[in-house]
1. What number of residues within the range 338-355 satisfy the criterion of being open to solvent by less than 100 Å² (accessible area, probe 1.4 Å) and touching a His at 6+ places or on another chain (Cβ under 9 Å)?
2. Please verify whether the range 220-234 includes one or more residues that are closer than 30 Å to Lys154 by Cβ, touching a strand residue (DSSP E or B) at 6+ places or on another chain (Cβ under 8 Å) and open to solvent by 30 Å² or more (accessible area, probe 1.4 Å).
3. Which is open to solvent by 40 Å² or more (accessible area, probe 1.4 Å) and either touching a Gly at 6+ places or on another chain (Cβ under 6 Å) or not hydroxyl-bearing (Ser, Thr, Tyr) (or both), of Gln141, Gln150?
4. Determine, yes or no, whether Thr13 is surrounded by fewer than 19 Cβ atoms within 10 Å (Cβ to Cβ) and in contact with a helix residue (DSSP H, G or I) (Cβ under 8 Å, 6 or more places away or on another chain).
5. Quick check on my filter: what residues within the range 63-77 are among the small types (Gly, Ala, Ser) and outside any helix (DSSP H, G or I)?
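The values are calculated or read from the model by the stated rules, or taken from the named source; none is laboratory data. Please read these numbers as outputs of a predicted model, since none were measured by experiment. Every residue, glycine as well, gets a Cβ built from its backbone with ideal geometry; the counts of neighbours run over all protein chains shown. When the accessible area is computed, the model is the full protein with side chains, heavy atoms only, and any ligands, DNA or RNA have been set aside. Shrake-Rupley method; radii C 1.70, N 1.55, O 1.52, S 1.80 Å.
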Amino acid sequence: MGPLNGIKVIDLTSMVSGPVAAMMLGDQGAEVVKVEPLAGEQLRLLGEPHNGLPSTFYSCNRNKKSLALDLKSARGKQVLWRLLEKADVLLQNFRPGAIERMGFSEEAVREINPGIIFVSISGFGKSGPYSHKRVYDPIIQGLSGATDIQADRKTGRPAMFRIILADKVSALTAAQAISSALFYRERSGEGQHISLSMLEATIAFLWPEGMSGLTFADQKVDIRKTFSSIDLIYETTDGHITISVVSDKEWQGICEALGREDLIEDERFRSALARRKNSDMRREVIGAEVQKWSTETLLATLDAADVPCAPLLDRAELLDHPQIRESHIVEREHVTGFGEVRQARPAARFSRTESTIRLPAPRLGEHSREILATLGFSEQEQETLIKEGVSRQYG
């Protein structure tokens, strides 16, 4: 059983930020009910489906049960109220004000369940000129400075991370905050409201090194040159590798491995600060040496010198790399209707309360009858709700 076994989560969210947060709670043992519109949430419609489900939806919604519900109807709202009576956590990522207009404000929910953790994820928060704008991940990347961090070093052209960075950072932030709120409730008996904006979460995530030039207001620096130069990709005779050198010992190791001992005492590179200030020159000098080596030989030589390095794996190669295989990072399971399904296993490994992937992502309304039954609705009442279009059962 996971550390959150016995915790009940109602997931009203869509797309990625909220669903991934709820999925992480599910991985850690929580019972997660995904409440969706009768037509399903938007992420079900994005990407090539396999047996009816796109892979991104699958990966964002494992360890959940699906209840399809018309929340515009009085009967649909009645079902949700029953769910909320004994829930521990409610997650919603509607635009500010929407949940209140639906009739499920924090105050109203807390009247029937004082200890609930009420979680509101939004794009920009409740205030400011952008607060009511529609938002997706690229919008946050643009506004948070992420595209400046990713800008081409030679042309200065802004660029985006080619992943949904802001959504997933927000999900991680939300899951951690929910765990803290549950811990506080365990001690005090009190629930609380967690408000989280994707913009805040992303800027906080980027800040330590990405915004280091903004930290000390009295320090005059070139902001564009203050973030870590981590794009250390070098070309060998037969491919590409990455090498990351920080300490003086590592710098000595790479110089000796490359046969360039003369660089150890070079004033441009003698200290970590000097190497950072002269990062472009350092990459150029090291890059010229790396081009003389084959990938396999150089990686072995650098490993022997205790220099941090790795090959650049493409996504297909990743599955068979010995480090990933032997660490069991990717789980492979045969799931009826889907064949072999691969998922990155929950990264936090608990010694006493294991996180597990117990359930595949649900079909729309796959568990509607089951959930309605647990709420006390008779078989006849379940049938009526489905026939009247209040709920929907898959299959």
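1. 4
2. yes
3. Exactly one of Gln141, Gln150 is open to solvent by 40 Å² or more (accessible area, probe 1.4 Å) and either touching a Gly at 6+ places or on another chain (Cβ under 6 Å) or not hydroxyl-bearing (Ser, Thr, Tyr) (or both), namely Gln150.
4. On the way: surrounded by fewer than 19 Cβ atoms within 10 Å (Cβ to Cβ): no; in contact with a helix residue (DSSP H, G or I) (Cβ under 8 Å, 6 or more places away or on another chain): yes.
No.
5. Ser66, Ala68, Ser73
So that you can scan it fast, the table gives a plain yes or no per residue for (1) among the polar types (S, T, N, Q); (2) in contact with a helix residue (DSSP H, G or I) (Cβ under 9 Å, 6 or more places away or on another chain):
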residue	(1), (2)
Tyr136	no, yes
Gln141	yes, yes
Ala146	no, yes
Ala151	no, yes
Met160	no, yes
Ile164	no, yes
Ser170	yes, yes
Phe183	no, no
Arg187	no, no
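Every residue, every condition in (1) within 24 Å of the chain's Cα centre (by Cα); (2) over 30 Å from Glu340 (Cα atoms), yes or no:
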site: Glu36; (1), (2): yes, no
site: Arg75; (1), (2): no, yes
site: Val79; (1), (2): no, yes
site: Asn93; (1), (2): yes, yes
site: Gly103; (1), (2): no, yes
site: Ile112; (1), (2): no, yes
